[in-house]
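Comments concern the structure below.
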Amino acid sequence: MYFFMPDLIPFKPESIAGDLLAEERRILLFGESGSGKSTLAAALARSLVRAGRLCFCIGADPGSPAFGVPGAVCLGRWHDDAWRLIGLEALCTLDSGRFRLPLVSAVRGLAANIGNDMLLVDAPGVVRSVAGAELLAGLADAAAIDTILVLCRDAKKIFLTCELKSLGCRVVYLQASAEARPLNHKKRALQRTGLWDTYLHQAVKKTIAVHEKMLTGTPPPLDAEGAWHSRQIGLFKKGRTIAMGEVIKTTKEGFQVLMPETGEIPDQLLCRDAGRNRQGYLSTVKPAGPAARHYLVPPDVAPCIVTEKSTGPRPLVRIGDTTALLVNGVFGDPLLHLRLHNRRRSLLFDLGEGGRLPARLAHQVTDVFISHGHIDHISGFLWLLRSRIGDLPACNLFGPPGLADHIEGLISGIHWDRVGVWGPRFTVRELHGEQLRVYGLQAGREGKTRHGEQPAGGGLLFEDQDCTVRAVALDHGGITVLAYSLELAAKINVVKEKLSARSLAPGPWLGELKKRILAGEKQAVISLPDNTMAKAGDLADELLKAAPPQKLVYATDLSDSSSNREILARLARRAYAFFCEAGFLEADKRYAEQSGHLTTHGCGEIALAADVEILVPFHFSRRYEMKPLEIYDEVKTSCSRVQVPTLSPAAEELQYFYQAE
């Protein structure tokens, strides 16, 4: 077997410029990330310009550019000892391997603008597999390369040697720079985010009218507002990049975009997968649409082992650092566990059988929202009651009229002669129109105590630093049930690179700043680590970035009436996640009408009218226990945003996971 092991020329840019590049004019710099390609390009340009030659460079690594704009292929000219940006082609991605064909096309377009002057092409660090081979061949052809400088750390580890030989170019193997090191993920993110912020430094806010035919690339749906926030976009006119920008928000008029002033109106927008993450770094964002629909449960909400018959899929939805889990699956008693992981706090929607939740979590349940008093929605109260014996604060229960009597009956049915002062305490709030009637109950004390009334205008049950919860009353065959919406508080993140630019050390003052901003106290004065003072509003504009709030809606056991549909669709409007019952197939509509439940079509049509992002149907009749996919398929005919579960390979032995396509 023959192993190709060339002699490596030392990394001496001035010698290379003089000896190797006297006649060549199109040079491709090829090598792994951190091998010194960008360092070599700058050193070669410095030597060539000193010798009286013009030198241009195409930065072809959108994810880790040495100059210009990340998410683009950039053309620079060496001037005053630096690359000066003179042209760019928007890609709106940081992944040169995945989007290699658009990248090659962009290089071809920029290279055509250079005549007989020296052109260096700084290639991405993709040097393996099919992606590397296609990029190498594509770049060499697009830029009419005549010499390839291959930077290697080890002569024994040279990639794509056959492909290099087949290109018909002169190939020179160089020792990688001893000083060059690959950047770790965080440093690379900081570097490209700094370049992006520099590009937008003098940008202006503009509203751009947008329609479907304008969008190219891999854009999210226009109505998926959350998916557009902080996305990088390219703005084109007649096929030419006129600018790049960042979507601030979507409005009825179009997109509000932060972009350089161009004086031109774009006729095309490009969007792929580049955008800011929650920390404010420019990164590759997850595909638009449903987030985290796997069914392996986080450790702190892991259930006990299930041995009884299947309860069907148990959907789990992630919203930031919050998870929402249907504890008993789509066939079991309704019980939605909303876990605020960073707050060590749990909220429950309905109280079906609770044995699958760890007892320790009952101590962290602060609020329970009960739709109505049918046994499959309230029987889990006994689990909660037993688990909260001890010195714990009162747990808040919300529900329709009559809930306090139901809770009193469940408590009074037990002998409490040994509980002493440690009986679990509950504050029950019943929604009566625009008022909450408040009752206090404690195990071991007879009866309930009336604590007056509280206003509940617009169905507002409570609002705190974590979330806001509202309710509406619906009809369930003559019984009043409540549906709930929970809106998570907007998250405020610190933009670390801006903090570093101010030379401010992190500390408790950042927590105080966030607290003041969340409280609307923008005029409050904050003491900074450098012993100066500043107003909270001014600091927030400079250092903080707010993530938009997300809404979750829970609704079950409601008759399919026009009134119910209208009220629920209004509550669920633009919700991120909509948990809605779909009790019966359309063919069994008579059973739904008799029992006051929704069919699959009713569930999907309400979700469609509400324009929700994720629909999670549940509370299926057990008559479909062996064919749950029929329900999902029928819901999808009315609303394509329904989430169909899949079996996690790590849980094949658990019967309550269902294999789906």
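Every read-out reported here was derived from the displayed coordinates using simple, explicitly stated rules and does not represent laboratory data. Only a predicted model underlies this, so the values are computations on that prediction, with no experimental measurement involved. So basically every Cβ, Gly included, is an ideal-geometry build from the backbone, and we count neighbours across all protein chains shown.
Observations, loosely collected:
- Burial order of peptide ranges 533-541, 409-417 (average beta-carbon count within 10 Å, highest first): 533-541, 409-417
- Only one residue of PRO315, VAL69, PHE381 has its Cα farthest out toward the positive end of the dipole of the chain, where Lys and Arg carry +1 and Asp and Glu -1 on Cβ, and that residue is VAL69.
- Size of electric dipole in the chain: Cβ of Lys, Arg +1 and of Asp, Glu -1, about Cα centre, debye, nearest 20: 1520 debye
- Positive dipole terminus of the chain, leading residue within PRO260, VAL330, GLN364 (C-beta point charges): PRO260
- Axis angle, to the nearest 10 degrees, between helix 37-50 and the longest C-alpha principal axis of the chain: 40 degrees.
- Inter-centroid distance (Cα atoms) of the range 148-174 relative to the range 360-375, Å: 65 Å
- Seen through its C-alpha gyration tensor, with square-root eigenvalues sorted a ≥ b ≥ c, the range 331-486 comes out rounded because a/c lies under 1.5.
- Sequence ranges 327-340, 500-513, ranked by mean other-Cβ count within 10 angstrom, highest first: 327-340, 500-513
- Highest average packing first - 222-231, 575-584, 117-126, 445-454, Cβ atoms within 10 Å: 575-584, 117-126, 222-231, 445-454
- Degrees between helix 600-610 axis and first principal axis of the chain (Cα, 0 to 90, nearest 10): 60 degrees
- Using alpha-carbon coordinates, inclination of helix 508-518 to the longest axis of the chain, degrees: 60 degrees
- Against the set [x] 82, 70, 70; [y] 97, 62, 50; [z] 100, 66, 62, the structure's computed Cα extents along the principal axes in Å falls on [y].
- The chain: calculated mean residue ellipticity at 222 nm from DSSP helix runs of at least 4, using -39500 (n - 2.57): -6500 deg cm²/dmol
- For the range 491-547: rounded, prolate or oblate by the Cα gyration tensor [a/c cutoff 1.5]: oblate
- For the range 480-493, backbone phi angles converted through the Karplus equation (6.51, -1.76, 1.60; θ = phi - 60°) give residue-by-residue couplings of 7, 10, 10, 10, 10, 10, 10, 10, 5, 4, 4, 8, 10, 10 Hz, Gly and Pro being listed as x.
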